[in-house]
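Worksheet: the structure to be examined is printed underneath.
The values are calculated or read from the model by the stated rules, or taken from the named source; none is laboratory data. Computed from a prediction, not measured in an experiment: that's the story for all the values here. Cβ: placed from backbone, ideal geometry, glycine included. Neighbour counts: every protein chain shown. What goes into the accessible areas is simple: the full protein's heavy atoms, side chains included, and nothing from ligands, DNA or RNA. Shrake-Rupley method; radii C 1.70, N 1.55, O 1.52, S 1.80 Å.
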Amino acid sequence: MIKNIAIIGSGVMGSGIAQSFAVSGYFVTINDIKEEFLSKAQDRISENLSLLIEEGAMTEQEMQGALSNITYKVDLKEAVRDADFIIEAIPEVIELKLDLYQQLEQIMKEDAIIASNTSTFPISRLMETASFADRMIIAHFFNPGHLVPLVEIVQHNETKPEVVEATLDLIRKIGKSPILLKKEIAGFIANVCKLP
């Protein structure tokens with residue numbers, strides 16, 4: 001049962017993804033390396049939600065509920081300690097990602113699912129030095145993450161089927177439309193094909 005979500009990286013994508021989960025009733029912790037980054041994310045999410053109210057897509061009460069579902073933490077261990085599902089949305093620098101995964105191995109729950117929002121690196125590259133390929137998946141959201149429905153899901157050849165199913169189910173529960181890639185392909189789908 002997935003209840004707690006951790007988003008690592010509070011930029012435009014991380015904020016949008018966090019907002020999608022919070023609006024759908026999930027408890028979300030956003031992590032980043034500086035308080036100022038988290039403060040910007042908090043402002044960004046508030047602005048996004050306010051726009052939805054202006055457009056009649058959300059009520060003030062729903063906005064407050066979503067905002068109350070989000071916490072912000074600089075401490076990575078605190079951010080992921082209770083997370084059932086962790087999404088990495090840090091910059092597309094392979095060294096940063098590999099270092100993060102090494103840290104996660106020491107501090108995350110044994111049954112947590114780990115996802116990357118990457119659209120650059122194949123999942124086999126991400127898992128070259130990590131030991132949790134069976135719980136790893138790519139969940140590539142599109143910008144803006146809180147509005148675009150498509151999410152590309154890529155599995156590792158070691159990813160457990162139940163992890164894939166849990167991820168697809170979770171993405172559908174936040175109102176998104178997941179598409180599963182069963183093998184690696186450069187650029188995934190949307191970056192290669194023209195969608196209708």
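At a glance:
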item	result
Centroid-to-centroid separation of the range 145-165 and the range 101-137 [C-alpha atoms, Å]	13 Å
Kirkwood-type radius of the chain, with distances r between different C-alpha atoms, in Å	16.7 Å
Listed residue pairs exceeding 24 Å between alpha carbons, taken from K109/K173; K73/K176; K3/K77; K109/K160; K77/K97	K73/K176
Solvent-accessible area per residue, Å², over the range 65-159 with all protein chains present [probe radius 1.4 Å]	43 Å²
Antiparallel %, DSSP beta bridges [both residues in the chain], to 5	15 percent
Under 9 Å, Cβ to Cβ, from T159 - net charge with Lys/Arg +1 and Asp/Glu -1	0
Residues with amide H under 5 Å from that of T118, placed H, sequence gap 5 or more	A139
Degrees between helix 161-173 axis and first principal axis of the chain (Cα, 0 to 90, nearest 10)	20 degrees
Dimensions (Å) - the range 1-72, Cα atoms, principal axes, largest first	34, 31, 17
Angle between the chain longest axis and helix 35-54 axis [Cα atoms, degrees, rounded to 10]	60 degrees
Residue-averaged 222 nm ellipticity for the chain, from DSSP H runs of 4+ at -39500 (n - 2.57), nearest 500	-12000 deg cm²/dmol
With all protein chains modelled, accessible area of K77 [1.4 Å, Å²]	130 Å²
Surface accessible to a 1.4 Å probe, S24 within the full protein complex, Å²	50 Å²
Which of Y101, Y72, Y26 is most accessible, then next, and so on - probe 1.4 Å	Y72, Y26, Y101
